[in-house]
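These notes are about the structure you will find just below.
No value in this document is a laboratory result; all are computed from the given coordinates. Since we're looking at a predicted model, the values are computed, not measured. Counting neighbours? That spans all protein chains shown, and the Cβs are built from the backbone with ideal geometry, glycine included.
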């Protein structure tokens, strides 16, 4: 029946039952020790995406702390992660009534089987649903074209390299105004904007926001730089539980200097709420 | 002689020989263990200022790591610090050629003499003087009135409470456009701007920038809130060694929601370079 066929076709993954949930699932080996096999499905070229890794660490902390939602999480990236086995070790730093603080590290193994630390994270968790509704924000969402006027890797001359497995797992539709780099004409402005979702239709939650803030092409591309822009440190504030539907992500770089740049991301949900803010410091190799 | 008298009058403290340097000095008890007596000179009302504490931790890490300059430092504030004895414990997380990462915690003592953790910090350090000169920044300094058209606590109706010892150690001259709160007429905009220096004339360096980003009155005052705005997390990127002379600091809050707000600070030096960027997540009690 056509109707049933259509329903199957548009079946959407849900929070808790999706690629993202399966690939961030941890096996608890002991209190504060988790095993995970880092999926090759979230790689950019050959490196595992830093936002996916942050979501893995964020999930380990959610399972360690008495609060479930990352309010503010700071990650320092030490060495590049590869797909394959990893261990996450967590520590409860302090528990409080409204906020708890924890620490987590992700390790992989060198050729002799010794642990090598990849990332270390400090985070404070709370309960987003317990927050009062009062809002005195002055922030307004940036102007975005409608999603069907934006472009993803499936829409022609691939703006994101086809060798990056992560592109199959994400719905990224870039604002044409920030797409010049893909056709050899970067705007010179450090801006990148996109509609964002998970390709299997899973809606966003606080953990997937940790992925979202580091999933767009680097703003450096629009400044005219090429090549990898490795993250040194990434801090994310999750401010609200996102409403269902695609997110709008706007990333801005104002200060490229001395071989480093910052990327400031803001994430807006379908109810026009600023659900996350992040800033990262990254290295840039000037051409 | 009038000339000599004038020279004495304007004698300025120097980097390494100033109130700030003396009050952040640590005594090394063992490798990675430092004692310090937190000065009562950097308190706001009764709490020790979070920026001063970050500078103490930043200095401990500079003495622990092979690199001296904080490039990015993230602090999670756990419990309120009081003037008096404290111990700082540092750990080398990773050392590299251009960047080293470390962790530090500051502890004080409860009534039974047990250690209580106040702050935990993760940071990546490098050598600011080794960075290339290339700058492709698009950031421009915010508009500031001349310093003699700005106002500090010494300039009449005290905009900063006289009970805060820290005001004696800082040169803060607030842009009148962000001073409405001090006369009962907050602008409603989450902005705070000031010329900033140390009162004894010591010029800024990377460590004092850690103090600078958390030293102005809270932007919440201009939004119409009163009372304490305790920091949950503060991350600072130091991007350049500041030139001599007063700094210009601009702090912006865009999103006050759910009982929390962010404070984004940028710090400009006399050569119009963006020498530091910071963001903190703080709690706000809505009136």
Using the Kirkwood radius over C-alpha pairs as Rh, can you work out the diffusion coefficient of the range A:2-128 via Stokes-Einstein at 25 °C, viscosity 0.890 mPa s, in µm² per second? 157 µm²/s
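With contacts defined as alpha carbon pairs under 8 Å and 6 or more residues apart, what's the relative contact order of chain B in percent?
Rounded, it is 17 percent for chain B.
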If you scale each eigenvalue of the Cα gyration tensor by 5 and take the root, what three semi-axes come out for chain B, rounded to whole angstrom and sorted largest first? 28, 23, 21
Cβ-vector label at 7 Å, residue B:285, separations to other copies in nm: 5.3
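Is the shape of the protein assembly as shown best called rounded, prolate or oblate, per the rule: a/c under 1.5 gives rounded, else a/b larger than b/c gives prolate, else oblate, with a ≥ b ≥ c the square roots of the Cα gyration tensor eigenvalues?
Working: a/c = 1.67, a/b = 1.48, b/c = 1.13.
Prolate.
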Every other copy gets compared here: list the nm distances from the residue A:168 label point (7 Å along Cα to Cβ) to its counterparts, shortest first, one decimal. 6.8
Compute a Gaussian network model of chain B, connecting alpha carbons closer than 10 Å, and tell me which residue from B:207, B:131, B:225 fluctuates the most. B:131
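Please quote Rg/Rh for the range B:147-283 to two decimal places, taking the Kirkwood radius as Rh and restricting both calculations to Cα atoms.
On the way: Rg = 14.1 Å, Rh = 15.0 Å.
For the range B:147-283, the value is 0.94.
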Could you identify which residue out of A:205, A:111, A:37 has the top mean-square fluctuation in a GNM of chain A using Cα springs shorter than 10 Å? A:111
What percent do you get for the relative contact order of the range A:210-270 when only Cα pairs under 8 Å and 6+ apart count? 35 percent
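Under the definition of partner shielding as Cβ atoms of other protein chains within 10 Å of a residue Cβ, what is the mean value for peptide A:182-194? Please list the in-between numbers first.
Values: counts 0, 0, 0, 0, 0, 0, 2, 1, 4, 1, 0, 0, 0.
Counting Cβ atoms of other protein chains within 10 Å of each residue's Cβ and averaging gives 1.
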For the range A:197-275, rounded, prolate or oblate, judged on the Cα gyration tensor with a ≥ b ≥ c (square roots of eigenvalues), a/c < 1.5 rounded, else prolate if a/b > b/c? prolate
Shielding by partners for B:119-127, please: the mean number of other protein chain Cβ atoms within 10 Å of each residue's Cβ. 3
From the label point of residue B:272, set 7 Å from Cα along Cα→Cβ, how far away are the matching label points in the other copies, in nm, ordered shortest to longest? 3.7
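Considering Cα pairs under 8 angstrom that are at least six residues apart, work out the relative contact order of the range B:147-283 and quote it in whole percent. Kindly include the intermediate steps, with their values, before the conclusion.
Working: 294 pairs, mean separation 29.4, N = 137.
So the answer I get is 21 percent.
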If you rotate chain A onto chain B, whose Cβ in A ends up lying nearest the axis, and how many Å away is it? A:74, 2
Run the quick spin-label model on residue A:117 and residue A:283: label points 7 Å from Cα toward the beta carbon, then report their separation in nm to one decimal. 1.8 nm
Pseudo-spin-label distance residue A:110 to residue B:28, built 7 Å along Cα→Cβ, given in nm, is 2.5 nm
